[in-house]
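What follows is a short report on a single structure.
We did not get these values from a lab; they are worked out from the coordinates using the rules stated. None of these values were measured; they are calculated from a predicted model. Here the Cβ is made from the backbone with ideal geometry for all residues, glycine too, and neighbour counts use every protein chain on show.
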Amino acid sequence: MHLFALAADSMGGRQTGDIGDWKAQEWVAQQFARAGLKAAGEGGTFFQVIPFRRIAPDMASRISTSTADLAVRADFLPLGQMPLPLDGAHAVFGGSIAYPDSLVDSATAAGHLLVIAVPDSLRGLRRIFEGLGPVRQTPAYRASIGVAVVALDRFAPDIIPQVLAGVLRMDTTFSPPPGARPLVVITPAAASVLLGRELMTARRGMLGPILRGGIRYTAGPLPYPARNIIAVLPGSDSVLSSEYVSISAHHDHVGFSGRPVDHDSVYAYNRVVRPMGADSPMRDATPEEKARVAAIRDSMVRVAPSRPDSVFNGADDDGSGTVGLVELARVLAMGPHPRRSILFVSHAAEERGLLGSSWFTDHPTVARDSIVGEVDMDMIGRGNATDLPKGGPGYLEVVGSKRLSNEYGALLERVNAGEAVPFSFNYEFDVPGHPLQYYCRADHYSYARFGIPAVALSRGEHADYHQVTDEPQYIDYGALAHVATLVRDFTLAVANLDHRPVVDGVRQADPHGPCRQ
Ligand SMILES: [Zn+2]
């Protein structure tokens with residue numbers, strides 16, 4: 001039932017810097033305390049504050065005409081970090097992104113906000129960015145004060161909270177590339193407001209009404225700090241207890257879009273068109289696929305009415321690993337303590353690029369070289385045949401286990417073979433060069449880059465990955481407990497070894513260099 005609380009809509013998708021993420025941190029710390037673990041964060045607390053500063057769109061930004069008022073998220077989405085003051089300016093219709101050579105000339109664009117249409121066939125943030133490449137070379141772009149691309153209706157909803165969350169850094173200095181112009185993505189309705197007429201009827205060079213307001217960015221500390229939660233179960237051996245085996249998961253997720261979508265429609269569409277959720281490209285369904293989507297949705301609404309949904313609940317990602325971590329704290333604290341100590345780390349800001357685990361391993365609260373091994377759990381609650389083709393009750397993706405220490409990886413296999421129901425390990429995502437880059441995308445890597453044997457365990461991606469449909473009712477709780485049991489037994493085996501796992505793999509020369517899948 002823990003997961004229903006952690007992944008509730010009231011947690012708002014646990015975006016780093018939001019109150020929902022902060023509530024999740026407090027909850028994890030309470031669970032560690034209740035299990036009887038020792039606080040191992042800063043100043044005798046369970047917490048390690050990460051001093052991020054954030055540059056993000058100011059949600060109070062408005063773009064107004066005498067008759068309408070456009071708002072962030074509903075009407076426009078600022079991209080990049082360049083403010084766009086519009087007081088007294090006009091929008092001009094520049095043409096289509098598909099024909100950059102036919103955009104208006106520099107005299108027509110000069111001093112105006114350049115509105116650019118996007119053909120129906122162009123969908124998704126990446127393809128629109130690619131399309132903007134040639135636009136940036138045009139005289140119209142250079143003469144304009146900013147560019148408004150009419151494409152907000154073409155973005156997958158999971159993009160929106162990521163953009164609004166801004167960028168996290170240790171300082172807030174930002175200098176745009178030379179010649180760059182502020183960029184905003186708008187809805188077709190917002191384009192009509194800016195141009196004073198329907199986009200369909202606009203001709204190149206037409207000016208809209210006078211504008212007020214503009215886009216601002218805020219820079220400063222996060223409203224709610226990002227924090228790692230760190231606890232220790234002390235080992236029983238007087239010498240070896242100064243060494244640690246760490247277990248981790250991440251408590252943050254990607255927030256909420258604020259643009260409600262129909263839950264059952266998204267669920268059905270992704271099952272047919274986006275089998276790996278946000279990792280599958282967004283595209284139009286074929287007629288045959290549309291029929292399948294409709295059939296799935298119909299079967300759902302026959303059971304219960306659908307509902308609007310805008311919260312990325314992150315039940316599997318990584319609510320599943322987080323409740324696994326908390327449960328392991330409880331179970332391991334009750335049993336006889338192993339010889340080495342066990343370090344429990346609930347990482348912050350994984351979704352922002354492993355920032356929490358990077359911070360912890362750069363600023364560890366225990367001696368870094370006293371960590372003899374790391375086990376990360378991320379998305380351990382799905383993985384059945386309905387979620388991925390190779391899925392099933394024994395499915396487990398294992399990444400990184402042998403890269404630094406053959407002994408570490410072999411021990412994991414041996415412990416698994418001794419389980420009541422062993423998993424069959426899928427190593428395909430550990431293959432060097434694999435395009436999905438799982439080795440570099442999980443928090444275990446933050447440890448591995450320092451030569452600490454580390455493994456990432458997951459039951460795999462699915463159609464609800466980074467979607468509003470990643471909800472607790474779709475989790476396989478038996479599978480989640482099964483993974484947690486393996487992690488318990490493996491952690492105990494490492495913690496009770498008479499020597500630390502031998503590092504015989506190739507250590508990365510520079511821990512801060514680029515990750516190589
Ligand atoms: Zn995750």
Identify all residues within segment 252-293 that are under 20 Å from Leu164 (Cβ atoms) and within 16 Å of the ligand (Cβ to nearest atom); write none if there are none. Asp252, His253, Val254, Gly255, Gly277, Ala278
Pairs needed: first member in segment 426-437, closer than 18 Å to Leu388 by Cα; second member anywhere, surrounded by 13 or more Cβ atoms within 10 Å (Cβ to Cβ) and of a type in the set (Ser, Thr, Tyr); C-beta distance under 7 Å; at least 6 residues apart or different chains. Asn426/Tyr395; Phe429/Tyr438; Asp430/Tyr439
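If we only count strands (runs of 3 or more DSSP E) wholly inside segment 202-299, which ones have 1 or more residues that are more than 17 Å from the chain's Cα centre (by Cα) and basic (Lys, Arg)? Working first, answer last.
Details: elements: 212-215, 217-221, 226-233, 244-250, 256-262.
In segment 202-299, the matching strands (runs of 3 or more DSSP E) lie at 212-215, 256-262.
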Top-ranked residue in segment 339-359 [being at positive phi and surrounded by fewer than 24 Cβ atoms within 10 Å (Cβ to Cβ); ranked as nearest to the ligand (Cβ to nearest atom)]: Leu354
Look at Ala493 and say whether it is without any contact (Cβ under 8 Å) to a residue 24 or more places away in the chain, out of contact with any Asp or Glu (no Cβ under 7 Å at 6 or more places or on another chain) and within 14 Å of Gly373 (Cα to Cα). no
Would you confirm whether any residue within segment 360-367 is within 15 Å of the ligand (Cβ to nearest atom) and either outside any helix (DSSP H, G or I) or surrounded by fewer than 21 Cβ atoms within 10 Å (Cβ to Cβ) (or both)? no
Of the residues that make up segment 455-467, is at least one of a type in the set (Phe, Trp, Tyr), touching a helix residue (DSSP H, G or I) at 6+ places or on another chain (Cβ under 7 Å) and either within 16 Å of the ligand (Cβ to nearest atom) or part of a strand (DSSP E or B) (or both)? yes
Against the definition (among the hydroxyl-bearing types (Ser, Thr, Tyr), within 19 Å of Met200 (Cβ to Cβ) and crowded, with 16+ Cβ neighbours inside 10 Å), how does Ser61 come out, yes or no? no
Would you tally the residues in segment 368-385 being outside any loop (DSSP other than H, G, I, E, B) and within 11 Å of the ligand (Cβ to nearest atom)? 2
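Table: residues versus (1) within 15 Å of the ligand (Cβ to nearest atom); (2) surrounded by fewer than 21 Cβ atoms within 10 Å (Cβ to Cβ); (3) over 23 Å from Asp279 (Cα atoms).
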residue	(1), (2), (3)
Lys390	no, yes, no
Glu397	yes, no, no
Leu411	no, yes, yes
Gly418	no, yes, yes
Tyr439	yes, no, no
Asp470	yes, no, no
Some residue of segment 337-357 being part of a helix (DSSP H, G or I), of a type in the set (A, V, I, L, M, F, W, C), in contact (Cβ under 8 Å) with a residue 12 or more places away in the chain and farther than 24 Å from Arg500 by Cβ: yes
